[in-house]
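K.L.:
Starting off with a structure, shown below.
The values are calculated or read from the model by the stated rules, or taken from the named source; none is laboratory data. These numbers were taken from a predicted model, which means no experiment stands behind them. Positions of Cβ are backbone-derived with ideal geometry, glycine not excepted, and every protein chain shown enters the neighbour counts. Note: accessible area is taken over every heavy atom of the protein model, side chains too, but ligands, DNA and RNA are not part of it. Shrake-Rupley method; radii C 1.70, N 1.55, O 1.52, S 1.80 Å.
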Amino acid sequence: MMTLAPPRPAVVTAGGSGRGASAADRKSGFYRHDLDGLRGIAIALVAVFHVWFGRVSGGVDVFLALSGFFFGGRLLRTALTPGASLWPVPEVTRLVRRLLPALVVVLAASAVLTILIQPETRWETFADQSLASLGYFQNWELANTASDYLRAGESVSPLQHIWSMSVQGQFYITFLALIFLFALLFRKVLGRYMRASLVILLSALTIASFVYAVFAHNADQSTAYYNSFARGWELLLGALVGALVGYIRWPMWLRSTVAVVALAAILSCGALIDGVKEFPGPWALVPVGATMLFILTGANRLADPRTGGKLPFPNRLLATKTFVWLGSIAYSLYLWHWPLLIFWLVYADRQHAGVVDGAGVLLVSVLLAYLTTKYVENPLRYRSTGTDTGQLVKIPLRTRLRRPTIVLGSIVAALGVALTVTSFTWREHILVQRANAENLGTLESLEYPGAHALLDNAPVPDAPMRPTVLEAKEDLPETTVDGCISDFSNVDVITCSYGDQSATHTIALAGGSHAEHWITALDLLGKLHHFKVTTYLKMGCPLTTEDVPLVMGDNRPYPKCHTWNDAVMKKIIADRPDYVFTTATRPWNIKPGDVMPGTYVGIWQTLSDNNIPILAMRDTPWLVRKSQPFFPADCLADGGNGISCGIRRSDVLAASNPALIWVNRFPLLKPLDMSDAVCRKDVCRAVEGNVLIYHDSHHISKTYMRTMADELGRQIGVATHWW
């Protein structure tokens, strides 16, 4: 998870124009080469930690802070300069020239690699994220994915890193509009109080964003990570420092000490702080605060007689050619290294890069970053060319049109258009494919016996698999489509009714999505045998007494599950259903097989104390390979078959149902086990009876669930004696 290099210039004096760094600026000492070097250090940390350690280094936050400082500082200087133009178009044009060309090139290359390496089941996600990246709302696309339980197990996207570009793009436009509008309205009115007013405004926004980040982090860290306003304080703090930097008067010893501490904090952040879990909360103050301090250590040194116009030693070290050069390619290196890493891991079928292949990924990334910077970024970025005197000379339009850059710009624009059209075209193709899924409910049982092939030895004719790999994603239970399951952020108890809604007998279907996917069969059985099904469901949240439940699959804390459990148990007891249907087991995280968690026992006790019987369903297998969720549809799209895209039964199921040992203690516990409707004696295949069993890595497809209804009805009939 990364961010982009901040836009130029790095001219950071209080009175600088901020319109570009000329050769004269660079030689005069006004230009902050050390901040270019800091950018180089940040991208090195980001890349190394991603490739070899799988951690967030804090480099993201360094970039965000620097971006706020550079961009915000320049706009503030413009707003504070009487008579300076407040027309926003030149700034927007500059941003487009700075950011889009390299992004389009990397997206186009990633699209080609996606088609060559990834199964077609992943192309839709790539198309969605390509459009989100080009539209600078990729962070919200990823936030929605993080909060979507049905997509939570998807493999990491090669475009995941572009979330931070979206955050910055949104910040740039919003900050530009805010500052220029404020200046337009109040620059003449406030006069010499304009700076103080802007400082107060930025301080209020920074504090508000930080407070929001803390609350959002505690409520749902996985989505807060991508939230623009939760990240806004990191950029706003940089802009705020840009407004105050001209007032710094520090002795050299203090500058040197602070620079050493700040650089040490930045370098050690990735090792000491787990940013994936802790950012953008209070711990993000470490890399952001350290960046602000490092900026201040070199600020205003030419106007401060105590510095002799020199930078502290750590700053001079980062101003050396190596670090400055690395900083100059930081944006392109940021863009390239993540997709190259992801595509390599997919191609090599690995979870992590080793020393040699990781070094190879970094070397190729650096090479492509250098080429992109030299032949794409820089030619399209500048409209003017410097003379030997350091002055900028305007190039006439007619002359520019004859230069190779116009051809390069046209190629980049064509790539962007082609990428957009291709993405929309593929999404339209997916929609057409899924429109065909409407007939899944009318499939002939003789051609598509599904579970009957396992349970009744039904013959399996030669017929194409349904749902297809492209239909599977939307072959969802009724409750998901109807909005009858609470999402991760919702603690309200949502109830819906299915089956025979006029019946006197009621089964309460309660728990997480692994209870939910049984609604398809229960709805059919309810209508057939005249009982009502009332749902009490929340994503990723089984009935449990655990104080701080963890989301199965990524083990992130899920405190709202505990809150919901307290509320739903009271609701179920008050409603007094005839039976509660819920899952009774979970897969082991540490060894093969499944287990009945101890935190379920309190639920059984509460229900038993209230004389409510439990239909305790053994959980269906979760498909995992190399400790990661495994999608059969992806495997089948990549040329696999029912066996190669399945899993050994002994890896996911114990020899006997773990819930059976609790029957003597809880006489009202009625164990149900549909494992033989999903798995053969030795293997759980991806396809049975021409029907795809899973629509993702662990949820039964609606189509296959229909074929399980007869056996489920037989077991419920034995347990309830209703038929």
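K.L.:
Using mean Cβ contacts within 10 Å as the protection proxy, how do 591-602, 284-295 order, highest first? Present the calculation step by step, with values, prior to reporting the outcome.
P.N.:
Working: 591-602: 16.5, 284-295: 23.9.
For the peptides 591-602, 284-295, the packing ranking is 284-295, 591-602.
K.L.:
Order 69-79, 533-543, 132-142 from most to least packed using the mean count of other Cβ atoms within 10 Å. Write out the running numbers ahead of the final one.
P.N.:
Working: 69-79: 24.0, 533-543: 25.9, 132-142: 21.3.
Final packing ranking: 533-543, 69-79, 132-142.
K.L.:
If each residue of separation counts as 0.36 nm, what is the full-extension length gain between V261 and L363 once their alpha-carbon separation is subtracted?
P.N.:
Details: separation 102, 0.36 × 102 = 36.72 nm, distance 3.03 nm.
The V261-L363 span can extend by a further 33.7 nm.
K.L.:
How much of the DSSP beta bridge set in the chain is antiparallel, as a percent to the nearest 5?
P.N.:
Among the beta bridges of the chain, antiparallel pairing accounts for roughly 50 percent.
K.L.:
Once you keep just the Cα pairs under 8 angstrom separated by 6 or more residues, what percentage relative contact order results for the stretch 655-705? It would help to have the intermediate numbers written out before the result.
P.N.:
Details: 27 pairs, mean separation 8.9, N = 51.
Worked out over the stretch 655-705, it gives 17 percent.
K.L.:
For the chain, take the longest principal axis of its alpha carbons; what is the angle in degrees between that and the long axis of helix 89-117, to the nearest 10 within 0 to 90?
P.N.:
40
K.L.:
Now for a separate question. Give the relative contact order (percent, whole number) for the chain; include only Cα pairs under 8 Å separated by 6+ residues. List each step's numbers first, then the result.
P.N.:
Values: 1240 pairs, mean separation 107.2, N = 723.
So the answer I get is 15 percent.
K.L.:
Continuing with the same structure: Hey, what number do you get for the chain at 222 nm if only DSSP H runs of n ≥ 4 count, each worth -39500 (n - 2.57), divided across all residues, to the nearest 500? Please list the in-between numbers first.
P.N.:
Details: 30 runs with 373 residues, N = 723.
Counting only the DSSP helices, I get -16000 deg cm²/dmol.
K.L.:
A further question on this structure: Please give the solvent-accessible surface of V356 in Å², to the nearest 10, using a probe radius of 1.4 Å with every protein chain present.
P.N.:
Accessible area of V356: about 120 Å².
K.L.:
Any chance you could give the angle, 0 to 90 degrees and rounded to 10, that helix 228-244 forms with the longest Cα principal axis of the chain?
P.N.:
Orientation of helix 228-244: about 10 degrees from the principal axis.
K.L.:
Another question, if that's okay. Quick check of the Kirkwood formula: for the stretch 527-569, what is the inverse mean of 1/r over all pairs of different Cα atoms, in Å? Don't jump to the answer; show the numbers that get you there.
P.N.:
Numbers: mean 1/r = 0.0851 Å⁻¹.
Averaging 1/r across every pair of different Cα atoms and inverting gives 11.8 Å.
K.L.:
Using only C-alpha positions, report the orientation-averaged shadow area of the convex hull of the stretch 243-393, nm², one decimal.
P.N.:
On the way: hull surface 51.7 nm².
Projected over every direction and averaged, the Cα hull of the stretch 243-393 covers 12.9 nm².
K.L.:
Over the stretch 621-723, calculate the relative contact order: mean separation of alpha carbon pairs under 8 Å at least 6 apart, over the residue count, as a percent.
P.N.:
Working: 99 pairs, mean separation 31.0, N = 103.
Relative CO of the stretch 621-723 lands at 30 percent.
K.L.:
Measure off, as a whole percent, the carbon and sulfur share of the 1.4 Å-probe accessible area of the chain, all protein chains present. Present the calculation step by step, with values, prior to reporting the outcome.
P.N.:
On the way: 18760 of 30290 Å².
Carbon-and-sulfur percentage of accessible area, whole number: 62.
K.L.:
Further question: Sorted from largest down, what three extents in whole angstroms do the Cα atoms of the stretch 476-604 have along their principal axes?
P.N.:
Sorted largest first, the three principal extents are 43, 30, 28 Å.
K.L.:
Provide the percentage of antiparallel DSSP beta bridges, counting only those with both residues in the stretch 453-607; round to the nearest 5.
P.N.:
In the stretch 453-607, DSSP labels about 45 percent of beta bridges as antiparallel.
K.L.:
First check a/c for the stretch 534-637, with a ≥ b ≥ c the square roots of the eigenvalues of its C-alpha gyration tensor; if it is under 1.5, answer rounded, and if not, answer prolate when a/b is larger than b/c or oblate otherwise.
P.N.:
Values: a/c = 2.07, a/b = 1.85, b/c = 1.12.
Prolate is the answer for the stretch 534-637, as a/c is 1.5 or above and a/b outweighs b/c.
K.L.:
What does the charge add up to near T720, with Lys and Arg as +1, Asp and Glu as -1, over the other residues with Cβ less than 12 Å from its Cβ? Walk me through the intermediate numbers first.
P.N.:
On the way: positive: K670, R714; negative: D578.
It works out to a net charge of +1.
K.L.:
Still on this model: Given a 1.4 Å probe and heavy atoms of the protein chains only, how would you sort E428, E471, largest accessible area at the top? Intermediate results must be reported in sequence, preceding the final value.
P.N.:
Values: E428 105, E471 5 Å².
Correct descending sequence by accessible area is E428, E471.
K.L.:
Let me ask something else about it. Under a 1.4 Å probe, what is the accessible area of the chain per residue, stated in Å²?
P.N.:
Details: 30290 Å² over 723 residues.
Ligands and nucleic acids excluded, the result is 42 Å² per residue.
K.L.:
Calculate the translational D of the stretch 584-649 in whole µm² s⁻¹ from Stokes-Einstein, where the hydrodynamic radius comes from the Kirkwood formula applied to all Cα pairs, the temperature is 20 °C and the viscosity 1.002 mPa s. List each step's numbers first, then the result.
P.N.:
Numbers: Rh = 14.4 Å.
Result for D is 149 µm²/s.
K.L.:
With r as the distance between the Cβ atoms of V199 and T606 and R0 = 56 Å, compute the FRET efficiency 1/(1 + (r/R0)^6) and round to 0.05.
P.N.:
Working: r = 56 Å, r/R0 = 1.01.
Efficiency for this residue pair is about 0.50.
K.L.:
How large is the accessible surface of L653 in square angstrom, using a 1.4 angstrom probe and rounding to the nearest 10?
P.N.:
Surface accessible to solvent at L653 totals approximately 10 Å².
K.L.:
What FRET efficiency comes out for the pair S489/L431, r = Cβ-Cβ distance, R0 = 22 Å, nearest 0.05? Please list the in-between numbers first.
P.N.:
Details: r = 28 Å, r/R0 = 1.26.
Using R0 = 22 Å, I get an efficiency of 0.20.
K.L.:
Then there's this: Give the angle, between 0 and 90 degrees and rounded to the nearest 10, that separates the Cα long axis of helix 252-272 from the longest principal axis of the Cα atoms of the chain.
P.N.:
Here the helix axis deviates by roughly 20 degrees.
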